[in-house]
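Contents: one structure, followed by commentary.
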Amino acid sequence: MGRHIDTAKLEVRSTPALYVSPPLVAETLSPALTPEVEVLAHDILHRMCTDDLTISTAESCTGGMLASLLTDVEGCGRAFDRAYVVYTNEAKQELLGVSPQTISEFGAVSKETALEMALGGLERSRADFCIAITGFAGRGAPEDEPGLVHFALAQRRRWPAHEVAHLGDIGRGNVRLECLKISLQMLYAALPH
């Protein structure tokens, strides 16, 4: 079972002096991002480039925002392989190979679906890592929990990781921005140190 994320307690490890908060790290999304997210994205991408590692993304509720952030840092394009934006159940099944039984039994917003999304994205790419995000960015059906998001990180030759966040009814945009931070934290923790 994944950990419950308290986003207020997430910490960014100190970055090397060379990579301290350059202006407009993520040119397009910068106005919406916290400095913490920008520095973390910059540090991750530069480390991935240095170590010849690549990432792909499989996103549902974030609609490609993580991919946008990871392709927005100048000079780091070689760290990004591809992105899957799979908003519907059919897209998850067709593009990532998520089992219809998984979605039927556990739901599109579940640990099981997130893990299958990450593993499917990794299998269908040339990347070393694939991070998947599936959740409820806002209000859905009456039984849906606004702000419930599942994350999975798959990497070659390692067990996939899972996290779950209960972000609450903080608005679609805020949920998506928090998802960027949590995804980057997961990826940062998985990188070789």
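Values as computed for the structure displayed
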quantity	calculated
Share of carbon and sulfur in the accessible heavy-atom surface of the chain [1.4 Å probe, %]	52 percent
Positive-end residue, region 69-193 charge dipole about Cα centroid, Cβ charges, pick of Leu184, Ala108, Gly171	Leu184
Packing-based ranking, highest mean first, of 65-74, 176-185 given that Cβ atoms within 10 Å are counted	176-185, 65-74
Per-selection Kirkwood Rh - the chain (Cα, Å, 1 d.p.)	16.5 Å
Rg(Cα)/(2.2 N^0.38 Å) for region 97-193, N = residue count	1.08
Where the chain is the region considered: accessible area per residue in Å², 1.4 Å probe	48 Å²
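The values are calculated or read from the model by the stated rules, or taken from the named source; none is laboratory data. The structure displayed is predicted, hence computed values, not measured ones. A quick note on method: Cβ atoms are made from the backbone with ideal geometry, for glycine too, and the neighbour counts reach across all protein chains shown. Note: accessible area is taken over every heavy atom of the protein model, side chains too, but ligands, DNA and RNA are not part of it. Shrake-Rupley method; radii C 1.70, N 1.55, O 1.52, S 1.80 Å.
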